[in-house]
Every structure is written in structure tokens, then in C-alpha cells.
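Readers should treat all values here as calculations from the given coordinates under stated rules, not as data from a laboratory. Computed from a predicted model, the values in this text were never measured in an experiment. Counting neighbours? That spans all protein chains shown, and the Cβs are built from the backbone with ideal geometry, glycine included.
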Amino acid sequence: MKTIYLDVCALCRPFDDQNHLRIRLETDAIFLILRHIEIGFYYASVSPVHYKEVSAIKEIGERLEMESLLDRLNKSYKYNLVQAHNRAKELIDIGFDIADAAHVACAEQSAEFFITCDDKLLKKCKQTALRITAMSPLEFITQEAL
């Protein structure tokens, strides 16, 4: 079974302004992916980085909903945090920001796909030799024919 690592910006897409077509389409794609995880077609990878980033969400309702979602998705993967830290440092050295580097480093340990709605991060991932495939939610559902 394939494992997916959705970064926090992808998971939070439903909280963004749905009046924009792209955001609405990405939101629908995220819901479709989450549904396929829920029914067992895919696994979701949840890392300590997810929890750290979500804990900083200022809007209480959004933060609580995201924490609940992470708890439902979490399958207790045991990350090698030293390895993740070292890989994140390598990624930072080539231009990734700290949070993005931490997510990618964890995703490389636990997943086949890294899904993000962040265009800048996606471009950086596609220009970098990673051990995962990085793509947008729309690219993923198209590739997987969901």
C-alpha cells in the first residue's frame, strides 16, 4: 500500500478562501485523498513536524480540527529523528526553509509521495534529488486516477 505525506498547508487547504477556483479544486483533491486514506487505499504518514506546526495555528477551531485529523491519520511511524535532523540540515543548506526541510526529511523516511499546495516548495522539491515524489494534490489525484 502506498504511503502519502501531506504537508500542513495541504491539510489546511479547506480553511483557505474557497472563492478562488484553484483553492476550491485543491480542497476537493485533499478531501478525495483523505477519503481514500480513510477507506484503506493509502496510508498517511504523520510526523512530529506536523504536530509542531499545527500547534502554532492561532485560530483555535482550526487548530483543534487539525489536531483531531492528525490523531486519526497517525499510525505511529517511528522516525529516526537524528537522521531526519541531519537530512533537514542538508536541505536547509541547499535553500529549503526550516519547516519545509523538516517535513521533507520526515517524508523521505516514511512515504512514497509528498503532497503540498506550496508552489515554491514544490518547485524546490522537483529541482532536488529526493527519495520521494513531490506533487500537488491535483497532480496526485490525476496520476492515481482517483
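Tabulated results
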item: Top of Thr116, Thr128, Thr27 by mean-square fluctuation, Gaussian network on the chain, Cα under 10 Å; result: Thr128
item: Distant-in-sequence amide H partners of Val46 (H built 1.01 Å from N, under 5 Å); result: Lys75, Tyr77
item: Local electrostatic count, Asn80, Cβ distance below 12 Å [Lys/Arg +1, Asp/Glu -1]; result: +1
item: Net charge, Leu64 excluded, C-beta distance under 15 Å - Lys, Arg +1, Asp, Glu -1; result: -3
item: Choice from Phe113, Phe15, Phe96 showing the highest fluctuation, given a GNM over the chain with Cα pairs closer than 10 Å; result: Phe15
item: Principal axis dimensions, the chain - Cα atoms, whole angstrom, descending; result: 38, 32, 30
item: Taking the chain and dividing mean pair separation by its residue count, relative contact order in percent (alpha carbons under 8 Å, at least six apart); result: 32
item: Candidate lysines - alpha carbon under 27 Å from Lys123, same-chain residues fewer than 8 apart omitted; result: Lys2, Lys52, Lys89
